[in-house]
Amino acid sequence: VGEKKQVLTPAELAGRMVQGDNLALGRVINHLETRDGATAELVRIIHGHTGRAHRIGLTGVPGGGKSTLVDRLTAVFRRAGTTVGIIGVDPSSPFSGGAVLGDRIRMQQHYLDRGVFIRSMATRGNSGGLPRTIGEVADAMDASGKDVILIETVGVGQSELDIIKNVDTVVVVLAPGLGDGIQAMKAGVLEIADIFVINKDDQPGALELTLEINNMVSPARGKTYWNIPVLTTQATANKNIEELHRQIGAHLTALKAASRLEEQRRRQRREHFMQMLEDRVTSGIDGTLRHDAELSGFIEEVATGRIDTYSAVEKVFQSESLFDGLKTRLRSKEI
Ligand SMILES: Nc1nc2c(ncn2[C@@H]2O[C@H](COP(=O)(O)OP(=O)(O)OP(=O)(O)O)[C@@H](O)[C@H]2O)c(=O)[nH]1
Ligand SMILES: [Mg+2]
């Protein structure tokens, strides 16, 4: 197998992936993550095969039952003949190191199913944001023919909010007994929900939490393209998972009926593009500053407080060596 691995060109590998070969899909994703010589060509090929899959994000409180829901939901999708790609975002933070193993165990029933592809990705550094390549990984799953892609984010840092830039439907999962009701949620998370799930309805406080969320969303009922449902589930007992499955499908139908699906995806592509440009410019400036003797002096002067930030920025942008260095760096594919 090792030898065979060497001879596959990116186009051949992508060809297998498009045929639904999960092994090839996994290898394509490796290339997307390591950003090696094959990445650009793979991204280009993948691009021509995307747009079919329904992308669904699950976010919410830590320990609310997202992974269990993903697992049970996957079973419902599979019974309906729907193929599933799953992206689990694992915190790189040492504090929640246990999550990965737990998720593996929970997902076990699907590991041998060729209609399911599971991949975990690490969060981005300290910000806890979603990995930048998550959209490309979802694209690859889409191109490989997965009908739905479920993305579970961790309940830390920026990733709950980032999810909206990457999916068509956002499911916010809450559960009683985890913090003080909706006050415990990070600002903004409640606003991005297309569907609310109050999980663990066997636990005290589930009814109150459901009422609280219902009160929050009811003023908007009948005023937008979609009435946000508030579902009560018990993932461990498979309770109401079929209804969640139905509402996820209904949301996609509503998006299409309101001509919002394409609009939403257009906005996401534009943002992703701007983000990539920004990343490249930022790392280009960073590299240039560090490697230029004159310019790197400014970093030190600012750091020690000898010069004010504003003047330093002006001086850097007046320098010819910045633009010379930047030009070379920005055009090199390495950054
Ligand atoms: N009582 C009860 N426990 C549940 C229910 N759903 C999930 N759990 C349990 O809650 C715990 C956390 O579930 P997970 O699915 O790992 O939750 P999560 O949101 O993915 O957790 P993180 O990814 O760590 O944020 C596990 O022990 C589950 O078995 C439920 O409906 N009722
Ligand atoms: Mg989880």
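The values are calculated or read from the model by the stated rules, or taken from the named source; none is laboratory data. Just so we're clear, the structure is a prediction, and the values are computed from it rather than from any experiment. Cβ coordinates were reconstructed from backbone atoms using ideal geometry, including for glycine residues, and neighbour counts include every protein chain displayed.
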Note down all Cβ pairs under 7 Å where the first residue falls in the stretch 302-327 and is more than 19 Å from VAL281 (Cβ to Cβ), the second is assigned to a helix (DSSP H, G or I), and they're at least six residues apart or on different chains.
VAL302/THR309; VAL302/ALA312; ILE307/GLU301
Mind listing whichever residues of the stretch 130-163 are crowded, with 23+ Cβ neighbours inside 10 Å, away from ligand 2 (no atom under 16 Å from the Cβ), assigned to a loop (DSSP other than H, G, I, E, B) and not small (Gly, Ala, Ser)?
LYS146
Scanning the stretch 29-77 residue by residue, the ones that are within 16 Å of ligand 1 (Cβ to nearest atom) and among the charged types (D, E, K, R) total 3
Under 7 Å between Cβ atoms, which residue pairs at least 6 apart in sequence (or on different chains) link something in the stretch 217-245 that is of a type in the set (Ser, Thr, Tyr) with a partner that is loosely packed, with under 14 Cβ neighbours inside 10 Å and in a loop (DSSP other than H, G, I, E, B)?
TYR225/ALA258
Looking only at residues in the stretch 75-129 that are among the aromatic types (Phe, Trp, Tyr) and either modelled with pLDDT under 80 or closer than 13 Å to THR153 by Cα (or both), which one is farthest from ligand 2 (Cβ to nearest atom)?
TYR111
Suppose the filter is of a type in the set (D, E, K, R) and at pLDDT below 95; does ARG27 pass it?
no
From ALA237, ALA312, ALA303, grab the single residue that is loosely packed, with under 11 Cβ neighbours inside 10 Å and over 27 Å from the mean Cα position of the chain (by Cα).
ALA303
For the stretch 192-226, name all the residues that are outside any helix (DSSP H, G or I), over 13 Å from GLY60 (Cβ atoms) and within 15 Å of ligand 1 (Cβ to nearest atom).
ASP201, ASP202, GLN203, PRO204, GLY205
From the option list THR288, THR232, THR282, single residue qualifying as closer than 21 Å to ILE192 by Cβ, surrounded by 11 or more Cβ atoms within 10 Å (Cβ to Cβ) and among the hydroxyl-bearing types (Ser, Thr, Tyr) is THR232
What's the number of the condition ARG306 fails, among (1) over 28 Å from ALA38 (Cβ atoms); (2) outside any loop (DSSP other than H, G, I, E, B)?
(2)
For the subset of the stretch 227-245 comprising residues that are under 17 Å from VAL170 (Cβ atoms) and out of contact with any strand residue (DSSP E or B) (no Cβ under 9 Å at 6 or more places or on another chain), which member is nearest to ligand 1 (Cβ to nearest atom)?
HIS245
